[in-house]
Amino acid sequence: MTHISVKVDGTTYEDEVEPRLLLVHYLRDRLGLTGTPIGCDTSNCGACTVDLDGESVKSCAVLAVQADGGEVTTVQGLARDGQCTALQRAFHERHALQCGYCTPGMIMAARDLLRDNPRPTPEEVRQGLEGNLCRCTGYQNIVRAVLAASGQEVTA
C-alpha cells in the first residue's frame, strides 16, 4: 500500500491505496464521487475526464498515486453553492446531451479548452473535444453549448 494525499473538489484526502489503483476507481469507489463515469477503461472515450493540476486527464489512464500531492476537480466540484457554471448551464439549455454518459467528460474537456482558448471557433471546439466520444448527439449541440458558454451564440 502507498500513502497518498490528494485534494479533490476542495477537500484533502489522506489514504492508503494499492499502487495499481486507477484514479477513476479511487474517485468513485473510495470517495463516492460517481459523477465521473467509467466508460471504456482504455482512455478512448473520455467519459472519465477530470482536471488534475490544471490539465484535463482521462482518469482511467492515471494511477491514484500519480495524483499524490495534486489537486483534482471532477464535474461534481464545478458547481458552487448549488449553482451550475455557465458551461454546465449551456449544456443543459442547448440540449447538448442525450443519455448523459459522456457529458461529465465533455464538460471537463470543454472547460479545459475554454481556459486555453476563451473564444474558440466551431472547428477549434471540435478539435478540442476530439478525445471525447459521444454516441448519441452527433456533436452539433455540444459544439453550440461550448460556443454559447464562451459568449458566442450560434444559430445554425
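The values are calculated or read from the model by the stated rules, or taken from the named source; none is laboratory data. Since we're looking at a predicted model, the values are computed, not measured. A quick note on method: Cβ atoms are made from the backbone with ideal geometry, for glycine too, and the neighbour counts reach across all protein chains shown. The area values use the complete protein model at the heavy-atom level, side chains included, leaving out ligands, DNA and RNA. Shrake-Rupley method; radii C 1.70, N 1.55, O 1.52, S 1.80 Å.
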Open item on the list: For the stretch 50-156, I need the span (max minus min coordinate) of the C-alpha atoms along each principal axis, in Å, sorted largest to smallest.
Closed with: 45, 30, 27
Task: Net lengthening on full extension, Arg89/Arg115 (0.36 nm per residue, minus Cα-Cα) - done: 7.7 nm
Open item on the list: I'd like the carbon and sulfur percentage of the solvent accessible area for the stretch 3-100, probe radius 1.4 Å, heavy atoms only, ligands and nucleic acids excluded.
Closed with: 46
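In square angstrom, what is the accessible area per residue of the chain with a 1.4 angstrom probe? Could the numbers behind the result be given before it?
On the way: 7940 Å² over 156 residues.
With the other protein chains kept in place, the chain gives 51 Å² per residue.
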Open item on the list: How much length would be gained if the chain were fully extended between Ser43 and Thr2, taking 0.36 nm per residue of separation minus their Cα-Cα distance, in nm to one decimal?
Closed with: 12.4 nm
TODO: Quote the Stokes-Einstein diffusion coefficient, in whole µm² s⁻¹, for the stretch 36-75, based on the Kirkwood radius over alpha carbon pairs, a temperature of 37 °C and a viscosity of 0.692 mPa s.
DONE: 324
Open item on the list: Solvent-accessible area of Cys45, probe 1.4 Å, all protein chains present, reported in Å² to the nearest ten, please.
Closed with: 20
Open item on the list: Within 11 Å, Cβ to Cβ, of Glu14, how many net charges do the neighbouring residues add up to if Lys/Arg are +1 and Asp/Glu are -1?
Closed with: -2
Task: Amide H within-cut-off set for Leu33, under 5 Å, with H built and near neighbours excluded - done: Arg28
Open item on the list: With a cap of 11 neighbouring Cβ atoms within 10 Å, and only residues DSSP puts in a loop, list the trypsin sites (Lys or Arg not before Pro) found in the stretch 122-154.
Closed with: Arg135
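Quick one: Cα convex hull volume of the stretch 1-94, Å³ per residue?
Values: hull volume 9.1 nm³, N = 94.
Looking at the stretch 1-94, the number lands at 97 Å³ per residue.
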- [ ] Pick out, in residue order, every one of the trypsin sites (Lys or Arg not before Pro) in the stretch 1-72 that is DSSP loop and has at most 13 other C-beta atoms within 10 Å; say none if there are none.
- [x] Arg20
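GluC sites (Glu not before Pro) within the stretch 50-156: which are DSSP loop residues with at most 13 other Cβ atoms inside 10 Å?
On the way: sites: Glu55, Glu71, Glu93, Glu123, Glu124, Glu130, Glu153; in loops: Glu130, Glu153.
Listed in order of number, the matching sites are Glu130, Glu153.
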TODO: For Arg20 and Val154, compute 0.36 nm times the residue count separating them, minus their Cα-Cα distance, and round to one decimal in nm.
DONE: 43.8 nm
